[in-house]
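Report on one structure; see the data block that follows.
Here, each number is a calculation from the coordinates, and none is a lab measurement. Predicted model only: the values in this text are computed from it and were never measured. So basically every Cβ, Gly included, is an ideal-geometry build from the backbone, and we count neighbours across all protein chains shown.
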């Protein structure tokens with residue numbers, strides 16, 4: 001018989017679900033097991049059909065809608081501070097460029113400022129891209145791939161899962177060493 005969890009457990013799980021942006025279910029499971037040892041990430045998923053259907057917590061409690069709201073409201077704060085900084089740098093660079101164009105490019109100070117803001121823009125964009133290229137994002141992509149790949153090909157899913165441990169170990173080593 002499946003374990004029953006109280007409202008406190010559901011609320012705690014919901015907090016983790018939002019914290020991990022609805023992804024990284026293994027981490028959600030690890031966090032939940034600290035307080036609820038028998039808890040499984042299977043509680044999140046709806047599974048089965050017809051009379052054997054078991055509604056997962058995500059569907060049962062409407063967590064996807066709450067996650068969309070969280071992303072819509074907190075994401076407007078420029079997704080990350082790096083993205084916000086990049087947008088500020090770009091806006092300033094564009095204003096300098098417009099001033100340069102209006103003056104015919106004769107103001108040396110503006111030329112140097114534009115050059116400096118171009119460098120800042122490139123640096124900020126490079127750092128932003130590097131921040132996205134990390135183990136957590138790789139694992140998140142891996143989980144999404146494992147979720148939707150069976151709809152395309154069970155054979156491909158089986159092949160991928162057969163080497164899954166090696167792929168994840170390699171990813172961990174690559175990201176730890178800074179390689180790509």
Rough spin-label spacing in nm, given labels placed 7 Å along Cα→Cβ, for residue 165 and residue 34: 2.7 nm
Per-pair calculated FRET efficiency, R0 = 45 Å: residue 127 and residue 155 via Cβ, rounded to 0.05: 0.65
Extension gain, residue 103 back to residue 83 (0.36 nm per residue minus Cα-Cα distance, nm): 4.2 nm
Using alpha-carbon coordinates, inclination of helix 81-103 to the longest axis of the chain, degrees: 20 degrees
Mean separation of Cα contacts under 8 Å (6+ apart) over length of the stretch 7-74, as relative contact order %: 25 percent
Value of relative contact order over the chain, rounded to a whole percent, pairs C-alpha under 8 Å and six or more apart: 14 percent
With Cα atoms, 0 to 90° folded angle of helix 25-35 axis to the chain main axis: 60 degrees
Degrees separating the helix 63-74 axis from the principal Cα axis of the chain, which is the longest one: 20 degrees
Option label - mean projected area of the Cα convex hull in nm² computed here, alternatives (1) 9.7; (2) 15.7; (3) 14.1: (2)
